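The values are calculated or read from the model by the stated rules, or taken from the named source; none is laboratory data. Note that the structure is predicted; figures quoted are calculated from it, not measured. Reconstructed Cβ throughout: ideal geometry from the backbone, glycine too, with neighbour counts over all protein chains shown.
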Amino acid sequence: MYEFSVEAQISAEAEEVWAVVTDVAGWPAWDPHEKAARLDGPFEPGTIGWSKPHGGPATEWTITQVVPFRSWGSECGLPGGKITGLNTFEPFAEGKLRCVKTVQVFGPLVPLFRLYFGRRMRADMHKTFAALERKAARRRAAVAP
């Protein structure tokens, strides 16, 4: 098994971030990691999603857990194994969130994933968190009275 976590602290409220991350079809508009994405149902456990990251293969995944405004997890099959992801959003100060993405990879593709995809995903996650902060700020400004 191979596991890594990336975290960032962003200026945003949980409600703003949740609205952005649960709009799966909108990911490519703000997330530099995603080229295309969709969700085939409501944002809840058991729903199938699909995404195509820049520089990686398109994958189908399943939402495995949801705690509204706090976390969501997913799982994707790999030949002989799987990859899981857990995304958490933890308020820690007024107007601040601690965002963490934890990825676990199981099976015979662990060495390949670790050498190639893992490094790229870790680097991309910092860009994704920064873009999430900007998108949440734009959303906040759009709904402000």
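Among the conditions (1) free of Cβ contacts under 8 Å to residues at least 40 places away in the same chain; (2) on the phi > 0 side of the Ramachandran plot, the only one that Phe69 does not satisfy is (1). Select from segment 1-42 the residues that are assigned to a loop (DSSP other than H, G, I, E, B) and under 13 Å from the mean Cα position of the chain (by Cα) and write down the one among them that is surrounded by the fewest Cβ atoms within 10 Å (Cβ to Cβ). Applying the filter and picking the extreme gives Pro32. Screening Gly85, Gly118, Gly95 for residues that are modelled with pLDDT of 95 or more and of a type outside the set (Phe, Trp, Tyr) leaves exactly one candidate, Gly85.
Suppose the filter is within 25 Å of Ala136 (Cβ to Cβ) and touching a strand residue (DSSP E or B) at 6+ places or on another chain (Cβ under 6 Å); does Val110 pass it? No; evaluated as a whole, the condition is false for this residue. Filtered by the rule that a residue be in contact (Cβ under 8 Å) with a residue 12 or more places away in the chain and either farther than 17 Å from Leu86 by Cα or of a type in the set (Gly, Ala, Ser) (or both), segment 1-28 gives Ser5, Ala8, Ile10, Ser11, Ala12, Glu13, Ala14, Glu15, Glu16, Ala19, Ala25. Applying the selection to segment 43-70, what residues are hydroxyl-bearing (Ser, Thr, Tyr) and either assigned to a strand (DSSP E or B) or modelled with pLDDT under 95 (or both)? Within segment 43-70, Ser51, Thr59, Thr62, Thr64 qualify.
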